[in-house]
1. Can you tell me the FRET efficiency between Ala75 and Ala136 if r is taken as the Cβ-Cβ distance and R0 is 22 Å, rounded to the nearest 0.05?
2. Could you give me the ³J(HN,Hα) list for the range 40-57, computed from phi with Karplus coefficients 6.51, -1.76, 1.60 and θ = phi - 60°, whole Hz, x at Gly and Pro?
3. Could you give me the ³J(HN,Hα) list for the range 126-131, computed from phi with Karplus coefficients 6.51, -1.76, 1.60 and θ = phi - 60°, whole Hz, x at Gly and Pro?
4. Any idea what % of Cα-Cα pairs in the range 118-211 are farther than 19 Å?
5. 7 Å from Cα along Cα→Cβ at both Glu232 and Ala245: what's the point-to-point distance in nm?
6. Multiply the residue separation of Ile275 and Ala26 by 0.36 nm, subtract the distance between their alpha-carbon atoms, and state the gained length in nm to one decimal.
7. What's the longest uninterrupted piece of the chain once you rule out the chymotrypsin sites (Phe, Trp or Tyr not before Pro) that are loop residues per DSSP with at most 16 other Cβ within 10 Å?
8. P(r) for the range 189-251: what percent of alpha-carbon pairs falls in each 10 Å bin, starting at zero?
Amino acid sequence: MADWPAGGLEDDMRPRMFEAASAGQAFALATIVDADGGPRPVGSQMVITADRAWGFLSGGCIEADVALHGRAMLADGTPRTLVYGRGSPFIDMRLPCGGRLELLVERVTPDDAALDRLRRLTERRVPARWQSDGQARRCTDVLKGAPDGDAMVDRIFFPYQRLVVVGSDPFALATADLGGRLGWQTLLIARFGPAGPPPADVACDRRPLADALASLAPDPWTAIAIATHDVELDEEALLLALRSAAGYVGVLGSRRRLPERKARLRQAGLSSADIARLKAPIGLPIRARSPWEVAVAVTAEIISEANRTHAAQAETEGNVAVRA
């Protein structure tokens, strides 16, 4: 292996697809269409250009070979179906898991109508259904599209995950920083925080909470983590967050004080259903103590909730992909 496989750290291929299209480049899109074993699910993808490749389809067993096929396909324009593992013609390439992977490799041009539609739906934060038979592609709003029985690739692209962290202490900074490292669109709301830029490489909004959250328009793919350590600020943030469409709302605080916190929220007019959405104490119960441990617990809980939502949506739509 000539270089560390840094391109495999990227899971959602849309940014690379849009980047190539904006540069006027055609690219090869490799998608797992069937899998028996292996670390990656059906729907996982790679993007391949003449000199670069991104994505992760196995344990590093096949990516270099897929890139070679992708570049050959870019040259001749003929889609390929590749099989690795059991039943594969590539007898010199074995999958250590003993399984089988089937891939579709197709050429996507910068002016592809489905790609343009995917970009527009992504910008509008609308779940998009991407379908392809290798030669022709289409992309529709999930709520308006229907499964195509002839499509080899049929997957949902969900809006990018957003993380809003309310607070300015080390717990808030670590959570915002880790969200950014995960590739999430992350915003730190710190009206009373220091004037300088935060040490985490994320955007910071110092406007009042109501203004900051209203301009963001939280949706089901927005997580709001509240860590102000101020009872009044916490409750202001909770009232706004739990009345929004945010898919995840959590607050840092004592389990012992939780009943009185919920009572105050109920007195402020929140319904039982609203309050039931609250994750408190925030994060998975891993006995986290340090700021970074708390950040891991919080982001892991957000991932767990998002995956559950994505899986339910994909199952409802009869889609092969569970997340994107």
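We did not get these values from a lab; they are worked out from the coordinates using the rules stated. Computed from a predicted structure; not experimentally measured. Cβ placement follows ideal geometry from the backbone for every residue including glycine, while neighbour counts extend to all protein chains displayed.
1. So the FRET efficiency works out to roughly 0.60.
2. Ordered by residue, 3J(HN,Hα) equals 10, x, 4, x, 5, 9, 10, 10, 10, 10, 4, 9, 9, 8, 9, x, 8, 10 Hz.
3. 10, x, 10, 9, 10, 10
4. 55 percent
5. So the label points at Glu232 and Ala245 sit 3.3 nm apart.
6. Stretched out fully, the Ile275 to Ala26 stretch lengthens by 84.8 nm.
7. 193-324
8. 21, 56, 23, 0
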